[in-house]
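The values are calculated or read from the model by the stated rules, or taken from the named source; none is laboratory data. As the structure is a computational prediction, the values presented were derived from the model and not from experiment. Quick reminder, even Gly has a Cβ in these numbers, built from the backbone with ideal geometry, and neighbours come from all protein chains shown.
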Amino acid sequence: MAVSLRVPEQLKKRIARLARRRATTPHALMIEAIGEKLDAEGAREALLAEAKKRLARMKRTGAAIPATEVFSYLEQRASGGIAARPRARKLA
């Protein structure tokens, strides 16, 4: 499939400079960039779908983890500590 893009001049120059530095062609660089963007968007869509699924489960069961417990757990882990993973439970 052939595709034609109107690329602004400044962007063309940036693409050409980067392609030279990487010893590749502008075409190959653009194909790589498009592929990476599509991969990133696919991952974003998967993350959003998982978040929606988990929110629906939380609403259905009423089980959740209080934000303060989540933040405390993450702070302990980020500082190198060992922390018990918080468990979901029905909240009042």
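Which ones in the range 70-83 are modelled with pLDDT of 95 or more and more than 25 Å from the chain's Cα centre (by Cα)?
The answer is none; no residue qualifies.
Consider only pairs whose beta carbons are under 7 Å apart and that are at least six residues apart or on different chains; among these, list those whose first residue lies in the range 63-92 and is closer than 21 Å to K53 by Cα and whose second residue is part of a helix (DSSP H, G or I) and of a type in the set (A, V, I, L, M).
From residues that are closer than 21 Å to K53 by Cα, the pairs are A64/M58; P86/V70.
Could you tell me whether any residue of the range 21-36 is exposed (fewer than 10 other Cβ atoms within 10 Å of the Cβ), over 21 Å from the mean Cα position of the chain (by Cα), more than 29 Å from R85 (Cβ to Cβ) and of a type in the set (G, A, S)?
Yes, the conditions are met somewhere in the range 21-36.
From G42, G62, which residue is touching a Lys or Arg at 6+ places or on another chain (Cβ under 6 Å) and either of a type outside the set (S, T, Y) or at pLDDT below 95 (or both)?
After applying the criteria, what remains is G62.
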